[in-house]
Structure formats: structure tokens, C-alpha cells
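Where a number appears in this text, it was derived from the coordinates with a stated rule and is not lab data. If you're wondering where the values come from, they're calculated on a predicted model, not measured in any experiment. All Cβ positions, glycine included, derive from the backbone under ideal geometry; neighbour counts span all protein chains shown.
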Amino acid sequence: MSVVKITNKKALEQLQAKLTMRIGQKLTQQETLDYCVLLADQNFDKLVEIIMKMPTLTPEKVNRFLRERDELSDVPYSDLEKFENPDDNDIYK
């Protein structure tokens, strides 16, 4: 058995709770994840579609964002600003 770190443990706990309410039986987190893997395998194309829509943040992109941020450090913030740059969508989406 190996250990897997979960970054969104709260979502796993919420899914586990929903399943418990629906089926009337408490599943362990391991069982919940096992069923998720089974479902993902059965719906592989949908999984790929979801993953492809996820923004990709590379170290190069992060460094570029930080450089651009530093260049704009003297510009006041406005919450009315619209972001049309795709990179901004990756950050603020």
C-alpha cells in the first residue's frame, strides 16, 4: 500500500459524506477514491476533456507573471478592471 497526498481533502470528505447520505452506508476515503478511479477509467474521454480545460502553470509562466507584476507595482489596483489576456484568465479564473 502506498500513501497518496490529497490537495483537496475537504472535497473528498464532502464527496464521502454525500455518498454516505445517498447509499445509507459510510464508505472509507480509500473506498471513495477507489470508486472515483473506477468511474474515471469508465469515463476516460470525459476525464481527458476535464483535464485539458485545466490551466497549466509552469515555473516559466510563474516567473513571467512575477516579472510583469513587479513592473506594474506602481499601478493602483482597480476591481473594475477586465482581464482579456489569457494568462490573466489562468490566474484569476
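Details
- Cα-Cα over 32 Å, subset of LYS5/LYS82; LYS5/LYS53; LYS18/LYS61; LYS18/LYS46: LYS5/LYS82; LYS18/LYS61
- Charge dipole magnitude, Cβ of K and R +1, D and E -1 - the chain, Cα centre, debye nearest 20: 640 debye
- Matching label, percent of Cα pairs over 23 Å apart computed from the structure shown, candidates (i) 52; (ii) 55; (iii) 31: (i)
- Value at 222 nm in deg cm²/dmol, rounded to 500, when DSSP H runs of n ≥ 4 in the chain each add -39,500 (n - 2.57): -19500 deg cm²/dmol
- Principal-axis analysis of the Cα atoms of the chain puts helix 9-23 at an angle of about 40° to the longest axis.
- Assigned charges on the beta-carbon of Lys, Arg, Asp, Glu; region 9-53 dipole about Cα centre (debye): 280 debye
- Acute angle (nearest 10 degrees) that the helix 29-42 long axis makes with the longest principal axis of the chain, alpha-carbon atoms: 80 degrees
- Each of the chymotrypsin sites (Phe, Trp or Tyr not before Pro) that DSSP puts in a loop and that has at most 14 other Cβ atoms within 10 Å breaks the chain; the longest unbroken stretch is 1-76.
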